[in-house]
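Asker: One structure coming up, written as structure tokens, with questions to follow.
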Amino acid sequence: EPEVTQTPSHQVTQMGQEVILRCVPISNHLYFYWYRQILGQKVEFLVSFYNNEISEKSEIFDDQFSVERPDGSNFTLKIRSTKLEDSAMYFCASSDSRAGELFFGEGSRLTVL
Amino acid sequence: LAKTTQPISMDSYEGQEVNITCSHNNIATNDYITWYQQFPSQGPRFIIQGYKTKVTNEVASLFIPADRKSSTLSLPRVSLSDTAVYYCLVGDRLQGGYNKLIFGAGTRLAVHP
């Protein structure tokens with residue numbers, strides 16, 4: 001069964017450092033998303049991406065965050081200068097249509113020290 | 001997006017049927033009802049989606065009354081591996097609002113031997 005893959009599974013970084021989280025969506029999917037989940041809290045929407053541009057973003061997704069689809073297969077989330085409160089599990093998801101079911105990856109756990 | 005209310009937690013035993021009810025009093029005409037499942041340290045996984053009446057797949061059934069102000073996810077004969085958090089989401093599928101999933105706190109189901 002096709003799946004969304006994410007790397008790294010766990011990253012530890014120092015506050016202020018840049019982090020890039022990588023995702024390989026399901027190959028024929030066109031819509032891509034990032035969500036995050038702080039430990040013990042809700043899954044929160046960050047951003048959706050279609051046709052090489054952001055289609056929607058939440059208030060969490062400020063100027064420190066950016067997304068990119070650099071090569072037609074990877075979908076990345078960059079955090080420019082990490083803060084302690086960025087520590088969370090980050091989930092990438094993809095869907096084959098605007099109203100399609102979202103397929104989530106296993107997540108990348110980010111720990112900011 | 002319609003707000004949803006579901007029980008914080010439920011307990012069950014192996015082999016029993018579990019019914020999780022979600023209230024969505026402000027559901028709009030174009031809204032669909034979708035349920036996701038999340039295991040610890042994993043991304044959410046789509047279970048089932050419906051608009052009205054009853055939908056059944058190999059995993060679960062979804063019952064939606066005529067007024068659509070609530071819905072019930074039914075898991076037949078649960079096993080220990082069904083221990084997870086179950087999320088009820090309501091969104092406008094036809095106009096693209098669906099792709100931004102808004103997760104609530106979900107229902108934490110614990111299945112006991």
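Quick note: the coordinates plus some simple rules give every number you see, no bench work behind them. Keep in mind it's a predicted model, so treat the numbers as computed, not measured. We place every Cβ from the backbone using ideal geometry, glycine too, and count neighbours over all the protein chains shown.
Asker: So which lysines pass the test for A:Lys57, namely a Cα distance under 23 Å, with those fewer than 8 places away in the same chain ruled out?
Answerer: The qualifying lysines are A:Lys42, A:Lys78, A:Lys83, B:Lys3, B:Lys100.
Asker: Where Rh denotes the Kirkwood radius from the mean inverse Cα pair distance, what is Rg over Rh for the stretch B:9-112? Walk me through the numbers on the way to the answer.
Answerer: Working: Rg = 13.4 Å, Rh = 13.9 Å.
Expressed as Rg/Rh, it is 0.96.
Asker: Let me know the mean shielding of A:92-102 by other chains, meaning the per-residue number of their Cβ atoms within 10 Å of its Cβ.
Answerer: Whole-number average of other-chain Cβ neighbours for A:92-102 is 5.
Asker: Where Rh is the Kirkwood radius over the Cα pairs of chain A, the temperature 10 °C and the viscosity 1.306 mPa s, what D in µm²/s does Stokes-Einstein return? Present the calculation step by step, with values, prior to reporting the outcome.
Answerer: Working: Rh = 13.9 Å.
In µm²/s, the coefficient rounds to 114.
Asker: Taking chain B as a Gaussian network, where each spring joins two C-alpha atoms under 10 Å apart, which residue of B:Asp67, B:Asp82, B:Asp31 fluctuates the most?
Answerer: For chain B, modelled as a Gaussian network with Cα springs under 10 Å, the answer is B:Asp67.
Asker: Right, something else. Once label points are set 7 Å from the Cα along Cα→Cβ at both A:Ile20 and A:Glu59, what is their separation, rounded to one decimal in nm?
Answerer: Inter-label distance under the simple model: 3.1 nm.
Asker: Here is a follow-up. Alpha carbon centre of the stretch B:10-63 versus the stretch A:47-63: separation in Å?
Answerer: 27 Å
Asker: Given Cα positions, please report Rg to Rh for the protein assembly as shown, the hydrodynamic radius being the Kirkwood one. Could the numbers behind the result be given before it?
Answerer: Numbers: Rg = 17.8 Å, Rh = 18.2 Å.
Reported Rg/Rh, Kirkwood definition of Rh: 0.98.
Asker: Might you list the cysteines of the protein assembly as shown that have no disulfide-compatible partner by the rule of another cysteine's Cβ under 4.7 Å?
Answerer: When partners are defined as cysteine Cβ atoms under 4.7 Å apart, the protein assembly as shown leaves no cysteine without one.
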